[in-house]
Amino acid sequence: MNWGTLLGTVVGAALGIGSTLIADHTRSRRERANRMHDTLRDLYSTYLAALNDSSSVLRVIILRENDTAARYQAALDAFRDASVLTQRYRVALQAPPAVREKSDQAYRLLRQWRDLLDTHPGLSLSSSEYLEGLEQFHQARKDLQATMRASLDAADR
């Protein structure tokens with residue numbers, strides 16, 4: 001028996017198995033990264049939609065409801081129905097720290113804006129308190145979106 005042939009076969013098999021393992025590992029990492037990217041994208045989209053839905057409902061409540069107590073209760077119900085808090089918790093569990101921080105900031109500002117319905121009975125779409133709260137919330141949401149995009153870009157790498 002020729003030892004050279006046997007050794008060549010063993011080395012060739014080892015190289016073949018090794019390259020297959022490396023390829024499988026690389027493919028697995030890529031698939032994991034793709035799943036993570038998709039998960040984050042869906043999470044971010046859902047949270048932003050909940051924030052947007054709640055802010056839109058707040059404007060409608062101000063336009064339609066005159067009774068202060070009914071306004072505030074409608075705002076609380078809208079928050080619950082839009083699942084803002086639930087989505088915020090999901091972000092807190094799955095998103096990177098920078099996104100969590102911006103998420104909390106946007107949520108707090110939206111909640112403060114909502115609470116104006118309780119503390120300012122004559123609040124209207126043209127009142128300075130409303131406009132200031134709206135601007136702060138919009139800026140926080142823009143900052144959150146930019147941080148989310150950066151997070152998704154990092155997940156692509």
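The values are calculated or read from the model by the stated rules, or taken from the named source; none is laboratory data. Model, not experiment: these values are computed from the prediction. Positions of Cβ are backbone-derived with ideal geometry, glycine not excepted, and every protein chain shown enters the neighbour counts. Note: accessible area is taken over every heavy atom of the protein model, side chains too, but ligands, DNA and RNA are not part of it. Shrake-Rupley method; radii C 1.70, N 1.55, O 1.52, S 1.80 Å.
A single entry from Gln136, Gln112 fulfils the requirement of being exposed (fewer than 14 other Cβ atoms within 10 Å of the Cβ) and polar (S, T, N, Q): Gln112. Of all residues in region 100-149, which are of a type in the set (Ser, Thr, Tyr) and over 20 Å from the mean Cα position of the chain (by Cα)? If the condition is that a residue be of a type in the set (Ser, Thr, Tyr) and over 20 Å from the mean Cα position of the chain (by Cα), then Thr119, Ser124, Ser126, Ser127, Ser128, Tyr130 are the ones that fit.
Comparison of Asp42, Asp24 shows that the only residue that is modelled with pLDDT of 75 or more and among the acidic types (Asp, Glu) is Asp42. Summed over region 115-133, residues that are more than 22 Å from Arg80 (Cβ to Cβ) and surrounded by 14 or more Cβ atoms within 10 Å (Cβ to Cβ) total 2. One residue stands out among those in region 34-75 that are farther than 30 Å from Ala146 by Cβ and among the charged types (D, E, K, R): the one that is most open to solvent (accessible area, probe 1.4 Å), which is Arg64.
Across region 100-144, the qualifying residues are those that are among the polar types (S, T, N, Q) and out of contact with any helix residue (DSSP H, G or I) (no Cβ under 7 Å at 6 or more places or on another chain), and the one among them that is nearest to Asp38 (Cα to Cα) is Gln139.
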